[in-house]
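The structure appears below as structure tokens.
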Amino acid sequence: VWHRSSPSAPWLLAAQCAQCHGTDGDGTGFDALAGRSANDIYYDMVDMRNRLNVESIMDRQAHGYTDAQLRRIAEYFAALPAAGDD
């Protein structure tokens, strides 16, 4: 159980992602993350973090997270309902 103010709480870790992907992961104008497979999101972020040549802002963002933090972020977005899921 995550305490709302815990610095490792998934929604706090994902705050940087929300700037483009939205707080609900709907990805308005960007890729939607809500409801995607946690493994897909996680491995996408690991790939971005491990790139030697930074290609995008995502690569830069991913560099700031540990494997465990990336996993928490991925699980957070995967647990959100995808757009249209009511």
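For the stretch 27-86, name all the residues that are part of a helix (DSSP H, G or I), surrounded by 12 or more Cβ atoms within 10 Å (Cβ to Cβ) and of a type in the set (Gly, Ala, Ser).
Ala38, Ala62, Ala74, Ala78, Ala79 - these are the residues of the stretch 27-86 that are part of a helix (DSSP H, G or I), surrounded by 12 or more Cβ atoms within 10 Å (Cβ to Cβ) and of a type in the set (Gly, Ala, Ser).
Give just the number: which of (1) at pLDDT 90 or above; (2) over 11 Å from the mean Cα position of the chain (by Cα) does Phe77 not satisfy?
Phe77 satisfies every listed condition except (2).
Check Thr66 against each of (1) at pLDDT 90 or above; (2) closer than 20 Å to Ala9 by Cα; (3) touching a helix residue (DSSP H, G or I) at 6+ places or on another chain (Cβ under 9 Å) and name the one condition it does not meet.
Thr66 satisfies every listed condition except (3).
Considering only residues that are surrounded by fewer than 14 Cβ atoms within 10 Å (Cβ to Cβ) and not hydrophobic (A, V, I, L, M, F, W, C), look in the stretch 1-22 and name the one that is modelled with the lowest pLDDT.
That would be His3.
The values are calculated or read from the model by the stated rules, or taken from the named source; none is laboratory data. Since we're looking at a predicted model, the values are computed, not measured. Neighbour counts run over all protein chains shown; Cβ positions are idealised from the backbone, glycine included.
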